[in-house]
Structure formats: C-alpha cells, structure tokens
Amino acid sequence: MADGAVTNGSADQTHTASQRYLSTRGDDSGMSFEQVVLKGLASDGGLYIPEEIPTVTNWQDWKDLSYVDLAFNVLSLYISPSEIPPEDLKDIIRRSYTTFRSDEVTPLIQLQGNIHLLELFHGPTFAFKDVALQFLGNLFEYFLVRRNEGKTGRDRYHLTVVGATSGDTGSAAIYGLRGKKDVSVFMLHPKGRVSPIQELQMTTVLDANVHNLAVTGNFDNCQDIVKALFADPDINSSHKLGAVNSINWARILAQTVYYFYSYFSLARQQPDTFKIGDKVRFSVPSGNFGDILAGYFAHRMGLPVDKFVIATNENDILDRFWKTGRYEKKPTYGSAAAGGLPEDGVKAHEDGVKETLSPAMDILVSSNFERLLWFLAYEFASSAGMDDEWNKKQAGQEVSSWLRDLKVKGGFGPVYKDVLEAARRTFESERVSDQETLDTIRSLYREVGYVLDPHTAVGVEAARRSAARAGAHVPIISLSTAHPAKFAGAVTLALKDEEGFEFDAKVLPPEFVGLDQKEKRVREVENDWTVVREVVKTEVEEELKGER
Ligand SMILES: Cc1ncc(COP(=O)(O)O)c(C=O)c1O
Ligand SMILES: N[C@@H](CCOP(=O)(O)O)C(=O)O
C-alpha cells in the first residue's frame, strides 16, 4: 500500500476477500491489513474482521511444518503479498519467535489421561500474549520504517499505542515495543488489581517510549478509556492511535496458528489413537474472548474441532450468555450469583467485577465477543436467501443494535433462538469458582506433579468437566495461558501445605529474581478519559523533545 494516512477503501484487486476487512458495525469495508493493524478500532467503534474466512482444503499438508513455516502459511491467507512481500513476512515471523525459550514455541504436553496442555508461556513475559505481541511489535516496526523512509522530524509517522491491561497484555506489549522507533506505548492497568510480578514486569521497563498508567478503577474502566480515546477524533488523528489489545485483528490472527500447531503436535504424539482428521476439543480460559476466537477462526478454516470450551472464572458474563442467551454486565437470572453477590469469599466490587484468583480474567465485558456475534448474525441473516451484501449489512445492523443496548441498558438479549443454537453448536461454557481453581491446582500437583497457574487451572477444570461429557475418544487440548510464577499468591495458597513444595525452588524462573529491586516508573491517573488524554499528549510531547 502506498504511504499516507490510514483511510478507507484502498485494498485493491490484489487482495482476496480474506485479505480485505470490514467493521462489525457496518461502516468500514474494503480495508487492507496494514490499515486495520494501524487503526486498531474501526471509525464506527466496531472491530475489524476479514470479509471472508478462507476454507483451507489442504490444511493437512501443514502437519510437519515448523511453527514459523506454519505461521507463514496461515498468515499469508490474510495478508496480501502486495502489502507485505512473502520474504518480508517470513522474516517478521521468524524474528518474532526467536525470542521464545522453546524451539517449538508452543509445546504440547500430555497432562493427564486425554487432557493435554498447550503451554503458551515460553515467550519473554511468560504469558500467551507474547505469541501475538512479539509479532505485532515487529509488524508495527515494519510498517513504520516503510512509511518513514526519507522523512525527518514531525513529518515522521509516529504511532501512539494505547492499551488496557489486567496484567499480561501490558507486559507483553511493552516487551514487544520497548525501544522501537516512532512508537510510544501507554499501558493502562487497574491500580492494585494486577499481581505483584505483573506490575513489576511492566513498571521496571524504563525505555523512554514506555509509559505505565495506574488507573484508579477496574480493567473495564481502562478498556473504556482506551475506546473513548479511539472515538475522539482530536487525539486519534493528531496522535495516530494504535491498539495492542485483542481489538487489534493482528492479535487474533497470530493466535490462530497455535490451534493448528497443537493439533498436529497431538497427532505426532499419539499416533495410535489420534489421526489427522479426528476431532479435538479445546478448553480456553477466557476473559476478553480473543484467545478462543482465534480458535474459532482455525476451525472455520478447516480444523476439525468437536467443541470449544469457554472457561470463565466468577466473572461469568460469557458463561451466562451460553446458558441463557442474555449478555448482561450484571446477572439478572436465579443462582447464587444474582446481583453479583460474593461467593466462596470472593470480593465483589460495587461495579460488579469480582476480584478472583485469576485476575487477568476479571472482566465484565468481553470485547471480542462482538466479532463472534457478527458471524452469528451473518449466518442468521444468510438463511433469509438474500444476497451477500444484504447479509453483511444486516449483520452489521444487528451487532450495532446489540452493542447499543449493552452500552445504554447494560445488556441485551435473549438473542434469537437460531443465533443461540448456532453459538452452542460450536461452543460450550463452564464457570469455575476460586475454590475449584485452588482444588484443581492442588489435585494436579498431587496427581502428576505439575504446577498450574490459576487461569490455566480454570481451563483444566472446565476441560475435566467437558471430558466427562465428551467421552474418552475425544482428546482435549487445554490452553495454558500463563506461567505459575506470575501468580505466586494463588499458587502458594493452593500448595503451601503440600509436602516438599517450595515456590522459589519449584516455580520461580531466574528471570523474575530481583525484579522487585529494580527502579520503577508508573504514573497514577484518575478514571477519566479526558485526564488520560492530556497525560498522553504531554508525555508524547516530552518523549519527542528528548528524541529530536
Ligand atoms: C493468563 C491469562 N489467561 C486468560 C486470559 C483470557 O484471555 P482472553 O482475554 O483472550 O479471553 C488472559 C487475558 O486476556 C490472561 O492474561
Ligand atoms: N487479560 C488481559 C486483558 C486484556 O485483554 P486483551 O487480550 O484484549 O489484550 C490482560 O492480561 O491484560
């Protein structure tokens, strides 16, 4: 794509439908990959999705590929070679995964019986976010170098990344972008609601382009501030905002790869019982719904999946949707959870968010659910027998109306029966309490000697319940989203009485030792997007003064 401002409609004939993007709310369409990556959020507030999900008939041929080669095959389907020449794309991917501690990037291990664990925490910050954010950091750099060729001073395209984090996206984004030219990164985290290690991982990075903001509020407040900044035409155009959260399509795309990779790993490891073509289940600890949505794309591309298991903690908006068809910030149906009452000693804040042992999933509203809603609405519209343009328009209108109700009334639904049935065909859901999380960490330690992080434990408990329904012939891959050392409090609570268990000896990696002795930089800000806007403007100005 030619150099210049990020505007609509410039993807040309060289882009296939899966390499052009539209907004879930219907206003933007025909966007190129570079445009959607740099813009992050569509102008109408929607999220970008490809105009078509490619069906890959020969995906079986990918079975022996290395992670990098597999990623290249998957990503090429969504990125036109006219935008990133194949050799450049391969190089970006290769560089992104050399920072991982495992040659396999995302190794699969057999945990217990037919439950397998996909370890996604071998990147620089020990969480699954590294898989996408190492790639996204290099992608931003690639686009910026190209746009800024021959330019100096204020003429250079300077990207201002603003992101919200409940702990893991923040450090992964910071490690993906620290020290990169022409990009500033502002990470908003809820003050006091991330784990001590997560906070240290973020705030001990002192590169001039890294800005940590501790917001007096919860994760959803941080996410709302980010969306408000994107919706503000003033700062969005003056500062060229960019997104690192999973609202950015590149995050989802990069995560699609490990669903294929783990499937092939399973076939290699279990040649007698699992053949290419057999179905598998995936259990995914879920908050913002980005990780599991990546799996949905892999499935739509051809990967044989029996079910995706959405595993939530007590912040269970997704579980309630699958059970009732209503998507509501605060539960209104029966059960002990009605009214957001605390359970199992879990602290419930006035805003309805519960503080659980798996804090990265303490989320009221799952932003990527909007992308799935679009596909469900599109499928529903398609049954009316009209043309594709009409179906897409209908889907955009339906999603806009649901999201308006969510904003204004705090929820929507029940959705049409057909929409809910379609959602249930591909997904099922489980809600796992803090007590069950602790029990799962403890029982896996006792039974197989493996230490799970609390988010992964939520997924494993959901996988066990799902396995009981599916039967022994369907293997389950449970996604391990973080290293246990990031959540010392929960792990120690679960294992402190186990004979011979010592956190420092058994769990703590050398990379975390001494972090608390390092210098920190963080700024406290009010939960007010206009205040954050001024902070961003001032700090970018100061940063650029120092650079130029
Ligand atoms: C450790 C961990 N597990 C699970 C999740 C949930 O993933 P998602 O938000 O993609 O649903 C997150 C945060 O996003 C996380 O940091
Ligand atoms: N759990 C996340 C919350 C942000 O989610 P994202 O996947 O949309 O970036 C975190 O750890 O920050």
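The values are calculated or read from the model by the stated rules, or taken from the named source; none is laboratory data. Nothing here was measured: the structure is a model prediction, and the numbers come from that model. Every residue, glycine as well, gets a Cβ built from its backbone with ideal geometry; the counts of neighbours run over all protein chains shown. We work out accessible area using only protein heavy atoms, side chains counted, and drop any ligands, DNA or RNA first. Shrake-Rupley method; radii C 1.70, N 1.55, O 1.52, S 1.80 Å.
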| Leading residue by the ranking (surrounded by the fewest Cβ atoms within 10 Å (Cβ to Cβ)) among those in segment 175-203 that are away from ligand 1 (no atom under 16 Å from the Cβ) and among the basic types (K, R) | K181
| field | Among residues of segment 503-512, those that are open to solvent by 100 Å² or more (accessible area, probe 1.4 Å) and either touching a Ser or Thr at 6+ places or on another chain (Cβ under 7 Å) or under 17 Å from A127 (Cα atoms) (or both), counted | value | 1
| query | Does at least one position in segment 410-432 carry a residue that is within 23 Å of K329 (Cβ to Cβ), assigned to a strand (DSSP E or B) and either more than 16 Å from ligand 1 (Cβ to nearest atom) or out of contact with any Lys or Arg (no Cβ under 9 Å at 6 or more places or on another chain) (or both)? | reply | yes
| query | Which one of these does T256 not meet: (1) open to solvent by 10 Å² or more (accessible area, probe 1.4 Å); (2) at pLDDT 95 or above? | reply | (1)
| request: Evaluate the following for L438: is it away from ligand 1 (no atom under 16 Å from the Cβ), part of a helix (DSSP H, G or I), surrounded by 20 or more Cβ atoms within 10 Å (Cβ to Cβ) and hydrophobic (A, V, I, L, M, F, W, C)? | output: no
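Tell me yes or no: at least one residue of segment 181-196 is farther than 21 Å from N248 by Cα, assigned to a helix (DSSP H, G or I) and near ligand 2 (Cβ under 10 Å from one of its atoms). Can you show your working first?
Restricting attention to segment 181-196, the residues satisfying the condition of being farther than 21 Å from N248 by Cα are 191-196.
Filter once more, keeping what is assigned to a helix (DSSP H, G or I): 196.
Next, from what is left, pick out any that are near ligand 2 (Cβ under 10 Å from one of its atoms): none.
No, every residue in segment 181-196 fails to be farther than 21 Å from N248 by Cα, assigned to a helix (DSSP H, G or I) and near ligand 2 (Cβ under 10 Å from one of its atoms).
Just to be sure, is P271 farther than 18 Å from S466 by Cα and more than 16 Å from ligand 2 (Cβ to nearest atom)?
Working: farther than 18 Å from S466 by Cα: yes; more than 16 Å from ligand 2 (Cβ to nearest atom): yes.
Yes.
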| said: Given the condition modelled with pLDDT of 90 or more and open to solvent by less than 60 Å² (accessible area, probe 1.4 Å), answer yes or no: does some residue in segment 341-354 qualify? | reply: yes
| query | Does at least one position in segment 359-378 carry a residue that is in contact with a helix residue (DSSP H, G or I) (Cβ under 6 Å, 6 or more places away or on another chain), modelled with pLDDT of 95 or more, open to solvent by 20 Å² or more (accessible area, probe 1.4 Å) and not aromatic (F, W, Y)? | reply | no
| Filtered residues of segment 152-174 (kept if within 19 Å of V540 (Cα to Cα) and either open to solvent by 10 Å² or more (accessible area, probe 1.4 Å) or assigned to a helix (DSSP H, G or I) (or both)) | T152, G153, R154, D155, R156, Y157, H158, G170, A173, I174
| Every residue from segment 441-461 that is part of a helix (DSSP H, G or I) and either at positive phi or within 25 Å of the chain's Cα centre (by Cα) (or both) | I441, P454, H455, T456, A457, V458, G459, V460, E461
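Could you check, for segment 147-161, whether at least one of its residues is under 17 Å from the mean Cα position of the chain (by Cα) and within 11 Å of ligand 2 (Cβ to nearest atom)?
Filtering segment 147-161 for residues under 17 Å from the mean Cα position of the chain (by Cα) gives 161.
Now narrow it down to the ones that are within 11 Å of ligand 2 (Cβ to nearest atom): none.
Within segment 147-161, none of the residues are under 17 Å from the mean Cα position of the chain (by Cα) and within 11 Å of ligand 2 (Cβ to nearest atom).
So, in segment 495-540, how many residues would count as being over 30 Å from F230 (Cα atoms) and over 26 Å from the mean Cα position of the chain (by Cα)? Talk me through it step by step, then tell me what you get.
First pass over segment 495-540, keeping only residues over 30 Å from F230 (Cα atoms): 495-519.
From what's left, over 26 Å from the mean Cα position of the chain (by Cα): 495-506, 510, 513-514, 516-519.
Final tally of qualifying residues: 19.
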| said: What pairs come out if I take residues in segment 289-310 that are within 25 Å of D362 (Cα to Cα) and pair them with residues that are part of a helix (DSSP H, G or I) and of a type in the set (K, R) whose C-beta lies under 7 Å away, six or more apart or interchain? | reply: G290/R251; L293/R371
| query | Based on what the data block shows, is S283 more than 16 Å from ligand 2 (Cβ to nearest atom), within 30 Å of Q60 (Cα to Cα), surrounded by 23 or more Cβ atoms within 10 Å (Cβ to Cβ) and modelled with pLDDT of 95 or more? | reply | yes
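Using the structure shown, decide if T492 is out of contact with any Cys (no Cβ under 6 Å at 6 or more places or on another chain), of a type in the set (S, T, Y) and more than 19 Å from I292 (Cα to Cα). Can you show your working first?
Values: out of contact with any Cys (no Cβ under 6 Å at 6 or more places or on another chain): yes; of a type in the set (S, T, Y): yes; more than 19 Å from I292 (Cα to Cα): yes.
Spelling it out, T492 is indeed out of contact with any Cys (no Cβ under 6 Å at 6 or more places or on another chain), of a type in the set (S, T, Y) and more than 19 Å from I292 (Cα to Cα).
Among the residues of segment 109-145, which ones are among the hydrophobic types (A, V, I, L, M, F, W, C) and more than 13 Å from ligand 2 (Cβ to nearest atom)? Step through it out loud before you land on a result.
Initial filter on segment 109-145 (among the hydrophobic types (A, V, I, L, M, F, W, C)): 109, 111, 115, 117-118, 120-121, 126-128, 131-133, 135-136, 139-140, 143-145.
Residues satisfying the conditions are I109, L111, I115, L117, L118, F135, L139, F140, F143, L144, V145.
If you scan segment 60-98, which residues turn out to be in contact with a Gly (Cβ under 9 Å, 6 or more places away or on another chain) and either surrounded by 14 or more Cβ atoms within 10 Å (Cβ to Cβ) or aliphatic (A, V, I, L, M) (or both)?
First pass over segment 60-98, keeping only residues in contact with a Gly (Cβ under 9 Å, 6 or more places away or on another chain): 60, 96-97.
Within segment 60-98, S96, Y97 meet the criteria.
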| said: Of the residues A485, A470, A463, only one is over 19 Å from T106 (Cβ atoms) and in contact (Cβ under 8 Å) with a residue 12 or more places away in the chain; which? | reply: A470
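Looking at G471, G459, which one is of a type in the set (G, A, S) and either modelled with pLDDT of 95 or more or buried (at least 22 other Cβ atoms within 10 Å of the Cβ) (or both)?
Working: G471 fails: either modelled with pLDDT of 95 or more or buried (at least 22 other Cβ atoms within 10 Å of the Cβ) (or both).
From the options G471, G459, the qualifying one is G459.
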| query | Which members of segment 208-225 meet the condition of being open to solvent by less than 10 Å² (accessible area, probe 1.4 Å) and β-branched (V, I, T)? | reply | V210, V215, I225
